[in-house]
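Here is the structure we will look at.
The values are calculated or read from the model by the stated rules, or taken from the named source; none is laboratory data. Just so it is clear, the model here is predicted, and its values are computed rather than measured. No Cβ is skipped: glycine too gets one built from the backbone with ideal geometry, and neighbour counts run over all protein chains shown.
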Amino acid sequence: MEFFAGLDVSIEETAVCVVDDTGDIHLQTTVETDPDAIREVLKPMLGTLCRVGHEAGALAPWLQPELVARGVPAVCLEANHVRAAAAMAAQRNKTDATDALGLAHIVRTGWYRTAYIKGEDVYRLRLLLTQRRTLKRKFLDLENTIRHSLKVFGIRLSRVSRGRFEAAVREAVADDPLVTDVMEAMLGARAALWTEYGKLHDRVVKFVAGDPQCRRFMAIPGVGPVTALTFFTAVDDPTRFQRSRDVAAYFGLTSKRRQSGTSIDVNGRISKAGDPDVRRALYEAASALMTRFKGRDKVKTWGQAIAKRGCHRKATVAVARKLAVIMHAMWRDGTEYDGAPAGDQAPAARRGGSAREPAVA
């Protein structure tokens, strides 16, 4: 008899359910969310335990390799696929125990997709990108809060550059002691955020400068260090995609399709599946290629032709999708980017340089 287990993982506790190959329940319990505790409760069945399924989540990058290292046949399941599974939707009451039972039935039937778990070094780099982005957002939030709060006094800073921002604020509120004290606190916090953001951004630039693959990505006009590293960490292993065009769909840059019979067949907007940070970075790179890069480039020309037939935003999304395909193909084949139109003597990226991303966009 073969057994299959489902784990509903939470921060403190994990619900465990084990079923046999006919679907009968043999074990339902709750243990501490710890690899050793989970292995201990599954130990009597390890010899005949075929699969142990758990849903992709915040703890999955830590839990999956730890379980495998302890001899547990763990598989990490894609969250979207799990939510759409009939075994989960058919549960009358949603509890941790019933979720674990649903996961056990999913791995028993084999109707699941395995989520890819990246290496620990990649998650460190993603942590760097995530916290850099967080500091940038908080910096901009503070700056916009200052601009907005001073409007009640008739002070408009909409046309003040970032370099002159502090001086302009201090000059505008110099006659009001209370407002001056408040603005000094806000400006101090803004300056501290900018300093720490700069440190993390420098770490990103240094890593990209020392990585050959990221430097090859930056040969593409519009692709800067942040876009290169974001794509690099999101893909991790280019061989896990059979075709380069699959990468565009993986990051949600392809249109959704809804078909029913012969009367309904609609191609909608992009699916926006996958990592939104990668999608945002590729869109910004495409926008820089379309608007800021002044040289000649095949991808830019192709995008401009789409913009003439439709609109600039749709063309930018199409170019972002094209960049994802090109970057994966470059990585997979070890090739260099050459966007020069036919008849040109040198690649556009080398001749005109690449448009780098601004420190704060």
Would region 49-60 turn up any residue that is more than 20 Å from Thr98 (Cα to Cα), free of Cβ contacts under 8 Å to residues at least 12 places away in the same chain, of a type outside the set (Ser, Thr, Tyr) and assigned by TED's automatic domain parsing to the domain that holds His105?
-> yes
Residue among Ile146, Ile155 that is in contact with a Leu (Cβ under 8 Å, 6 or more places away or on another chain), in contact (Cβ under 8 Å) with a residue 12 or more places away in the chain and among the β-branched types (Val, Ile, Thr) | Ile146
Since Gly310 meets every condition but one in (1) at negative phi; (2) surrounded by 12 or more Cβ atoms within 10 Å (Cβ to Cβ); (3) small (Gly, Ala, Ser), which condition does it not meet?
-> (2)
Could you tell me whether any residue of region 26-48 is out of contact with any Asp or Glu (no Cβ under 8 Å at 6 or more places or on another chain), surrounded by 18 or more Cβ atoms within 10 Å (Cβ to Cβ), in a strand (DSSP E or B) and touching a residue at least 40 places away in the same chain (Cβ under 8 Å)?
-> no
Would you say Ile155 is outside any loop (DSSP other than H, G, I, E, B) and at pLDDT below 95?
-> no
Find the helices (runs of 4 or more DSSP H) located wholly in region 52-149 whose residues include 1 or more that are among the hydroxyl-bearing types (Ser, Thr, Tyr) and surrounded by fewer than 17 Cβ atoms within 10 Å (Cβ to Cβ), and list them.
-> 96-109, 120-149
How about region 239-269: which of its residues are small (Gly, Ala, Ser) and touching a helix residue (DSSP H, G or I) at 6+ places or on another chain (Cβ under 8 Å)?
-> Ser244, Ala248, Gly252
Only one of Leu140, Leu178 is in contact (Cβ under 8 Å) with a residue 12 or more places away in the chain, of a type in the set (A, V, I, L, M, F, W, C) and not assigned by TED's automatic domain parsing to the domain that holds Leu59; which?
-> Leu140
Can you spot a residue in region 326-344 that is β-branched (Val, Ile, Thr), modelled with pLDDT of 95 or more and under 17 Å from Phe293 (Cα atoms)?
-> no
Which residues, counting only those in region 244-273, are surrounded by 12 or more Cβ atoms within 10 Å (Cβ to Cβ), without any contact (Cβ under 8 Å) to a residue 40 or more places away in the chain and in a loop (DSSP other than H, G, I, E, B)?
-> Gly252, Ser271
Say we look at region 190-226 and pick out the residues that are of a type in the set (A, V, I, L, M, F, W, C) and exposed (fewer than 14 other Cβ atoms within 10 Å of the Cβ); which of these is nearest to the chain's Cα centre (by Cα)?
-> Ala209
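Quick grid of which residues meet (1) at pLDDT 90 or above; (2) within 20 Å of Ile11 (Cβ to Cβ):
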position: Leu77; (1), (2): yes, yes
position: Asn93; (1), (2): no, no
position: Leu101; (1), (2): yes, no
position: His105; (1), (2): yes, no
